[in-house]
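Beneath this line is the structure, given in structure tokens, with notes to follow.
The values are calculated or read from the model by the stated rules, or taken from the named source; none is laboratory data. What you see is a predicted model; the values in this text were computed from it and never measured. Using ideal geometry, Cβ is built from the backbone for each residue, glycine included, and neighbour counts are taken over all protein chains shown.
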Amino acid sequence: MKIAEPRQTFVAPPERQPSHRFALFNLGFRPLYLGGAACAAVALAVWLLVLRGVPFTGGYLLKLNPVAWHAHEMVFGFAAAIIAGFLLTAVRAWTGMTTARGVTLALLVATWLAARVLVWSGPAVPAAVIDSLFLPAAALLLLRTLRRAGNRRNYFLVPVLLLFGLLNALFHYFTLAGAADFALRCVVASIGIVVLLVSVIAGRVVPMFTANAIPGFVSRRWRPVELAVSPVTLLALFADAAQVNPFVVATLAVLACAVHAARMVAWRSYAVRRPPILLILHLAYAWIPVGFALLVLSAAGDVPHTLAVHAFTAGAIGGAIIAMITRTARGHTGKPLAADRRDIASYTLVMAGSTLRVFGPLIAPQFFLFWITAAGLCWIVGFGIYVMAYALPLCRPREDGKPG
């Protein structure tokens, strides 16, 4: 006689609920995105107060040269933190191997944070030394993971970060030596490094993200353009930093503008309308050819050089940063890859601030301080919204229970 088997009732496994453990130092993007965004808001707030004549005490750069402090903190404070956070996170995805976390990551962040305080308060020499350690330390942590994984394709990122760090050290050297002009040239050269990184990373991810977000969307990669993007970008911005013959700068800038514009045509950026989390990437990248066009006009003496600089820094770098820190934060905390109202507000404010800073003084230079103030307030609120929206998610484990 056949005995019937008892009926089995399927019981769904319980959903993994996020714990309440502190997760800020689980992965590089968490503390460095949060710190970088807060740095952008605070540093710009201080800069606007300085422009209004509010006195600030301190033992180093803010007191010695407020313009140099503003330029340094936006590039070597804000942008450097985001770049390090992005690379320490991306390399984990590229290699499948653990990057800096826990105590190691906390020490790296502590170095960056101590540098932000010391560059303001002094003493000058310890400030210069500690600030100059951050990027080389991040490069060595990156190299350690890449070597363990045998990921030779991305080895180039290590010398790029080391060059970025060398320019920071040279900035401090020239500042302490009283050569403010050479210090600011180091900042302009470092902007070239950051724009190069933005263009390289965008070339990898923007076409892919676009195809994933818009079914049936076809973009192209033109090999001659892709081969020319990096060298032309770096040559043009380094020539500008070195203040070589204006005709040489203008010629290289024309080539760079054409190459980046051609790249966007190949990507069909003009056809992208939504979703916002994708559109902001294309809008941010569009500031690169705009920046080179302004650099051509600057070399010809038709527009102030600072407008070209801010097209690269506020427009391209700032726009790319707000685009990537929202996307990465959402993806790596288990949230849907769709911008919410706070993200869209951040995108709008950062892009509006960039537009006001670059084109306001061009249209009505007599209202220069107004344009700077309006642009700065947009950025302060834009990055402030990011900090408020993502502070808790970045401190907590992923919502889906996965590591990272």
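It is to be established whether one or more residues within the stretch 100-110 are at pLDDT below 95, surrounded by 22 or more Cβ atoms within 10 Å (Cβ to Cβ) and within 21 Å of residue 27 (Cβ to Cβ). Checked the stretch 100-110: at least one residue is at pLDDT below 95, surrounded by 22 or more Cβ atoms within 10 Å (Cβ to Cβ) and within 21 Å of residue 27 (Cβ to Cβ).
Can you report the number of residues in the stretch 210-224 which are surrounded by fewer than 20 Cβ atoms within 10 Å (Cβ to Cβ) and in contact with a helix residue (DSSP H, G or I) (Cβ under 7 Å, 6 or more places away or on another chain)? Residues that pass the stated criteria total 6. Taking the stretch 264-381 as the region of interest, none of the helices (runs of 4 or more DSSP H) fully inside it holds 1 or more residues being on the phi > 0 side of the Ramachandran plot and among the acidic types (Asp, Glu). Of 113, 140, 135, 108, all but one fail to be of a type outside the set (Phe, Trp, Tyr), assigned to a helix (DSSP H, G or I) and more than 23 Å from residue 40 (Cα to Cα); the exception is 140. Taken together, the residues in the stretch 361-404 that are closer than 14 Å to residue 31 by Cα and surrounded by fewer than 13 Cβ atoms within 10 Å (Cβ to Cβ) amount to 2. Restricting 161, 184, 167 to those that are surrounded by 17 or more Cβ atoms within 10 Å (Cβ to Cβ), free of Cβ contacts under 8 Å to residues at least 60 places away in the same chain and either touching a strand residue (DSSP E or B) at 6+ places or on another chain (Cβ under 8 Å) or part of a helix (DSSP H, G or I) (or both) reduces the list to 167. Would you confirm, using the coordinates I've provided, whether residue 303 is over 24 Å from residue 77 (Cβ atoms) and among the β-branched types (Val, Ile, Thr)? Yes: the conditions hold for residue 303. Close Cβ contacts (under 9 Å, 6 or more residues apart or on different chains) running from residues in the stretch 375-389 that are more than 15 Å from residue 357 (Cα to Cα) to residues that are modelled with pLDDT under 95 and surrounded by fewer than 19 Cβ atoms within 10 Å (Cβ to Cβ) comprise 389/340.
In the condition set (1) hydrophobic (A, V, I, L, M, F, W, C); (2) farther than 18 Å from residue 324 by Cβ; (3) surrounded by fewer than 15 Cβ atoms within 10 Å (Cβ to Cβ), residue 237 is compliant with all but (3).
For (1) β-branched (Val, Ile, Thr); (2) under 14 Å from the mean Cα position of the chain (by Cα), each residue gets a yes or a no:
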{"position": "77", "(1), (2)": "no, yes"}
{"position": "82", "(1), (2)": "yes, yes"}
{"position": "102", "(1), (2)": "no, no"}
{"position": "111", "(1), (2)": "yes, no"}
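Taking the conditions exactly as written (surrounded by fewer than 22 Cβ atoms within 10 Å (Cβ to Cβ) and of a type outside the set (Asp, Glu)), does residue 303 satisfy them or not? Criteria met by residue 303. If the condition is being over 22 Å from the mean Cα position of the chain (by Cα) and of a type in the set (Ser, Thr, Tyr), then the stretch 203-219 contributes only 219. Residue count for the stretch 215-255, restricted to those that are over 30 Å from residue 274 (Cβ atoms) and either in contact with a strand residue (DSSP E or B) (Cβ under 6 Å, 6 or more places away or on another chain) or not in a helix (DSSP H, G or I) (or both): 3.
Of all residues in the stretch 92-140, which are at positive phi and without any contact (Cβ under 8 Å) to a residue 12 or more places away in the chain?
Within the stretch 92-140, no residue meets the criteria.
Assuming residue 384 fulfils every condition listed in (1) within 24 Å of residue 21 (Cα to Cα); (2) within 18 Å of the chain's Cα centre (by Cα) apart from one, which condition is it? Among (1) within 24 Å of residue 21 (Cα to Cα); (2) within 18 Å of the chain's Cα centre (by Cα), the lone unmet condition for residue 384 is (1). Surrounded by fewer than 19 Cβ atoms within 10 Å (Cβ to Cβ), assigned to a helix (DSSP H, G or I), in contact (Cβ under 8 Å) with a residue 60 or more places away in the chain and out of contact with any strand residue (DSSP E or B) (no Cβ under 8 Å at 6 or more places or on another chain) - does that describe any residue in the stretch 69-91? Taking every residue of the stretch 69-91 in turn, none turns out to be surrounded by fewer than 19 Cβ atoms within 10 Å (Cβ to Cβ), assigned to a helix (DSSP H, G or I), in contact (Cβ under 8 Å) with a residue 60 or more places away in the chain and out of contact with any strand residue (DSSP E or B) (no Cβ under 8 Å at 6 or more places or on another chain).
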